[in-house]
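See structure below.
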């Protein structure tokens, strides 16, 4: 799975991608398509909240300069028994 995230010049953004229901995240990451973008954090999440299961990937990105940009978050999800 793969999703783009818009990030304005000088901004900080968190991008998340959640696995489909019944799937769990195995791995993931981010694609930064500019040297002006800095990856601050990248990790998976897997938890239950109010009886709903959430599993996916999160990345935090800083756009230091150079105009508006796009980065992408990806997650590898599978059925786990």
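In this structure, residue 31 does not satisfy being without any contact (Cβ under 8 Å) to a residue 60 or more places away in the chain and surrounded by 16 or more Cβ atoms within 10 Å (Cβ to Cβ).
Here is a yes/no grid of residues against (1) surrounded by 12 or more Cβ atoms within 10 Å (Cβ to Cβ); (2) touching a residue at least 12 places away in the same chain (Cβ under 8 Å); (3) under 12 Å from residue 77 (Cβ atoms); (4) within 14 Å of the chain's Cα centre (by Cα):
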{"residue": "15", "(1), (2), (3), (4)": "yes, yes, no, yes"}
{"residue": "19", "(1), (2), (3), (4)": "yes, yes, yes, yes"}
{"residue": "36", "(1), (2), (3), (4)": "yes, yes, no, no"}
{"residue": "42", "(1), (2), (3), (4)": "yes, yes, no, yes"}
{"residue": "48", "(1), (2), (3), (4)": "no, no, no, no"}
{"residue": "55", "(1), (2), (3), (4)": "yes, yes, yes, yes"}
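Taken over the stretch 58-79, the criterion of being within 12 Å of residue 11 (Cα to Cα) and part of a strand (DSSP E or B) is satisfied by 60, 61, 62, 63, 69, 70. Taking the criterion of being in a loop (DSSP other than H, G, I, E, B), at pLDDT 95 or above and either out of contact with any strand residue (DSSP E or B) (no Cβ under 8 Å at 6 or more places or on another chain) or more than 12 Å from residue 69 (Cβ to Cβ) (or both), the only residue of the stretch 1-19 that qualifies is 19. Once the stretch 57-81 is narrowed to residues that are within 16 Å of residue 22 (Cα to Cα) and more than 19 Å from the chain's Cα centre (by Cα), the residue that is surrounded by the fewest Cβ atoms within 10 Å (Cβ to Cβ) is 81.
The values are calculated or read from the model by the stated rules, or taken from the named source; none is laboratory data. Computed from a predicted model, the values in this text were never measured in an experiment. With ideal geometry, Cβ positions are generated from the backbone for all residues, glycine too; neighbour counts draw on all protein chains shown.
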